[in-house]
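Undergrad: Below: one structure in structure tokens.
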């Protein structure tokens, strides 16, 4: 239960998972990472984690790195998650799974984008303080010419 949130009835330790990747596309200048629960009963899912401008030479994020802005590889930026406005302590960090009890299995998809730009905010014009949904729109639609590739991992978690 290391990666599960420790609030709203969940009793995990809320540590971001260790992630490793390799074989980034040629000309990758940065990465962006987002974690989304499409099954959250909000109408638009729930954004759990976002990191932008991860340096191109980065090939992993250590366990727990998402829990502190200071642990991110420079010049990476921790984006807002969907706790923004409700809990300042975690609004720019990893928020682990904690689906409503009895709601069924939830899919948590982590997507890593390889980008042809060093600073996605400078290129897109989106402010760092924009919602994760707007960042996702930029990465999946508005900035497609700058997305060199992406990798996804989906984990499933349920509270019975």
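The values are calculated or read from the model by the stated rules, or taken from the named source; none is laboratory data. Owing to the predicted nature of the structure, the values given are computational and were not obtained by experimental measurement. Virtual Cβ from ideal backbone geometry, glycine too; neighbours counted across all protein chains shown.
Undergrad: Return the pair list, or none, for Cβ contacts closer than 6 Å from residues in segment 99-124 that are without any contact (Cβ under 8 Å) to a residue 40 or more places away in the chain to residues that are part of a loop (DSSP other than H, G, I, E, B), at least 6 apart or on different chains.
TA: If the second residue must be part of a loop (DSSP other than H, G, I, E, B), the pairs left are 123/117; 124/143.
Undergrad: Taking segment 19-28 as the search range and keeping residues that are assigned to a loop (DSSP other than H, G, I, E, B) and in contact with a strand residue (DSSP E or B) (Cβ under 7 Å, 6 or more places away or on another chain), which one is surrounded by the fewest Cβ atoms within 10 Å (Cβ to Cβ)?
TA: Applying the filter and picking the extreme gives 27.
Undergrad: While we're on this one: Quick one: residue 79 ticks every box in (1) in contact (Cβ under 8 Å) with a residue 40 or more places away in the chain; (2) touching a strand residue (DSSP E or B) at 6+ places or on another chain (Cβ under 9 Å); (3) more than 13 Å from residue 51 (Cβ to Cβ) bar one, so which box is it?
TA: The single condition residue 79 does not satisfy is (3).
Undergrad: Scan segment 140-152 for residues that are at pLDDT below 95 and either touching a strand residue (DSSP E or B) at 6+ places or on another chain (Cβ under 9 Å) or surrounded by 13 or more Cβ atoms within 10 Å (Cβ to Cβ) (or both) and report the count.
TA: 3
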